[in-house]
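Throughout, read-outs are computed from the coordinates displayed, never taken from laboratory work. What you are looking at is a predicted structure, and each value in this text was computed from that prediction instead of being measured. With ideal geometry, Cβ positions are generated from the backbone for all residues, glycine too; neighbour counts draw on all protein chains shown.
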Amino acid sequence: MKVGIIGLPQTGKKTLFQILSGNEIKEPSKAFKPIPGSADILDSRFNKLVEMYDPKKNVRARIDLVLLPKIENETISKGEIFRDIADMDAICHVVRAFQDDAIYHAQGSVDSKRDFEMVNSELIMHDQIFVEKRIERLETMVKKIKDEDQQKELVLMNKLKDILETEKPLRLIELTDDEGKMIRSYPFITRKKMVIAVNVSEEDLENEALLSSFKQSCETLDIEVMLVSAKVEAEIALLDTQEEKDEFLEGLGIKQTALESLTRLCLKSLNLISFFTVGKDEVRQWLVRKGAKAPKAAGVIHSDLERGFIRAEVFKYNDLMEQGSEAELKKAGRIYVQGRDYVVEDGDILNIRFSV
């Protein structure tokens, strides 16, 4: 599952990618090529579990990130940027809202809403051009041969064209299973979930007015939005210990790093949730599709666990924090035995019983 990071030049997307992935980008020759990486899921619950169990080993879950070429006239005219985006499972669009005279802006001035809308329009236009070409071709084919499947697709394409002409993304349309299959292989960009990371200065991290202005636009487009300061996150990344990082955040009046919020929103856009396995040997975070049942989650750990699934012992992260230990959870009757139909919830701690 890949999240593509996109944006105009000089928005801070490369800085965010480097902090998240730990990949330092030095080669300007790669400016027009996607750069792959992966990022730890930053989750304070994981940190608390490691503190509690003090395991020999701890493993965070990770997601794949891809830094895509900057969106500018050259990459748009070549069209490769759209093929790169179409290959992603979700999109993180970094929008510049910080002022810095030393860093140029491609449009001559900083206007985050203008830039957000401009990029959105380019993505919608890409899908619109594809739909119009497909409609032309289908109309020609249907005139020659009355094919029922092609006629159904033509109806669907006109339906997609109608919404794109209102400058709305295709993710707003509810499709039937058959309609979804018809377009599964097509390079639609606006069907993908999107996260907007508004890159602000330190002073604007708590700018509710700015966040609210974006939310008004984004909610109607099914887009998640958050504020992040790449400069602040870079400073936090340089600190050696978690204690130093916590003190730095406390000094700014921030409860968690923006990167933790960003990775959570990326998970949400991919329709993934976290669950944990814990013990003195290992504390580990796992990812599974939202709505997955216990055997499927067991299969994420190992295929044998899914194949031989018997039951899952489940307890909730919040319950564990409240009671302080598994022993106290047992006394309180808050460790539950669940069968094959149990739907795993975000933050569940699982112990799988199996036999193969």
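When the chain is fully extended, how far beyond the present Cα-Cα distance does LYS159 get from GLN242, taking 0.36 nm per residue of separation?
Contour length minus Cα-Cα distance gives 24.7 nm.
Considering only GLY180, ILE163, SER261, whose Cα is most displaced toward the positive end of the charge dipole of the chain, charges sitting on Cβ of Lys, Arg (+1) and Asp, Glu (-1)?
GLY180
Return one number: the angle in degrees, 0 to 90 and rounded to the nearest 10, between the long axis of the Cα atoms of helix 242-252 and the longest principal axis of the Cα atoms of the chain.
In the chain, helix 242-252 runs at an angle near 60 degrees to the longest axis.
Separation between the ALA234 and ALA102 pseudo-spin-labels, each 7 Å from Cα along Cα→Cβ, expressed in nm?
Here the answer is 0.9 nm between the modelled labels.
Just want the answer: with Cβ charges of +1 for Lys and Arg and -1 for Asp and Glu, which residue in PRO69, PRO55, ILE41 is farthest toward the dipole's positive end in region 1-69?
Projecting each Cα onto the dipole axis, the largest value belongs to PRO69.
Going by how many other beta carbons lie within 10 Å of each one, how would you line up GLU282, GLU80, GLU153, fewest first?
Taking fewest neighbouring Cβ atoms as first place, the list is GLU282, GLU80, GLU153.
Pairs LYS168/LYS296; LYS48/LYS245; LYS159/LYS193; LYS48/LYS255: which exceed 25 Å Cα-Cα?
LYS168/LYS296
Which of the listed residues, LEU221, PHE98, ILE135, is farthest toward the dipole's positive end in the chain, when Lys, Arg count +1 and Asp, Glu count -1 at the beta-carbon?
ILE135
By count of other Cβ within 10 Å, fewest leading, how are ILE63, ILE35 ordered?
So the residues, fewest neighbours to most, are ILE35, ILE63.
Using only the alpha-carbon atoms, how far is helix 112-144 inclined from the longest principal axis of the chain? Give it as 0 to 90 degrees, nearest 10.
Roughly 60 degrees between the two axes.
Is there a quick way to get the dipole size of region 120-183? I mean about its Cα centre, with the Cβ of Lys and Arg at +1 and of Asp and Glu at -1; what is the value in debye to the nearest 20?
220 debye
About the Cα centre, and with charges only on the beta carbon of Lys, Arg (+1) and Asp, Glu (-1), how big is the dipole of the chain? Nearest 20 debye, please.
Roughly 1560 debye for the chain.
Quick one: work out the % antiparallel among DSSP beta bridges in the chain, nearest 5.
50 percent
With a/c under 1.5 counting as rounded, go ahead and sort region 291-354 into rounded, prolate or oblate using the C-alpha gyration tensor (a ≥ b ≥ c being the square roots of the eigenvalues; past the cut-off, prolate if a/b is larger than b/c, else oblate).
Judged from the Cα gyration tensor, region 291-354 comes out prolate (a/c at least 1.5, a/b above b/c).
How about region 46-128: which trypsin sites (Lys or Arg not before Pro) there are in a DSSP loop, with at most 10 other Cβ atoms within 10 Å of their Cβ?
Filter output for region 46-128: LYS56.
How long is the gain from LYS2 to GLU203 if the chain were fully straight, where each residue apart is worth 0.36 nm and the alpha carbon distance is subtracted?
Roughly 69.2 nm would be gained on extension.
Relative to the first principal axis of the alpha-carbon coordinates of the chain, what is the inclination of helix 44-53, with its axis defined by its Cα atoms, in degrees from 0 to 90 and to the nearest 10?
Result, in degrees: 20.
Using a Förster radius of 22 Å, what is the FRET efficiency between GLU282 and SER44 based on their Cβ-Cβ separation? Nearest 0.05, please.
0.70
For a test of the definition: using alpha carbon positions, the gyration tensor, and the 1.5 limit on a/c, classify the chain as rounded, prolate or oblate.
oblate
Which residues among region 77-121 fall inside the zone where the amide N is under 17 Å from a point 7 Å beyond the Cα of ILE129, along Cα→Cβ?
Inside the label zone: 77-87, 118-121.
Can you compute the charge dipole magnitude of region 258-344 about its Cα centre, using +1 on each Lys and Arg Cβ and -1 on each Asp and Glu Cβ, nothing else charged? Give it in debye, rounded to the nearest 20.
340 debye
Obtain the nm distance between the two label points defined at LYS113 and SER217 by a simple spin-label model: each point lies 7 Å from its Cα along the Cα-to-C-beta direction.
0.7 nm
Starting from the Cα gyration tensor of region 120-183, take the square roots of the eigenvalues, sort them a ≥ b ≥ c, and report rounded, prolate or oblate (rounded when a/c is under 1.5, otherwise prolate if a/b is larger than b/c, else oblate).
In terms of gyration-tensor shape, oblate.
LYS330: which aspartates and glutamates have alpha carbons under 17 Å from its alpha carbon, excluding same-chain residues fewer than 8 sequence positions away?
Partners within reach: GLU313, ASP319, GLU322, ASP348.
Pairs of Cα atoms under 8 Å, at least six residues apart: use those to get the relative contact order of region 291-354, whole percent.
In percent, rounded to a whole number, it is 50.
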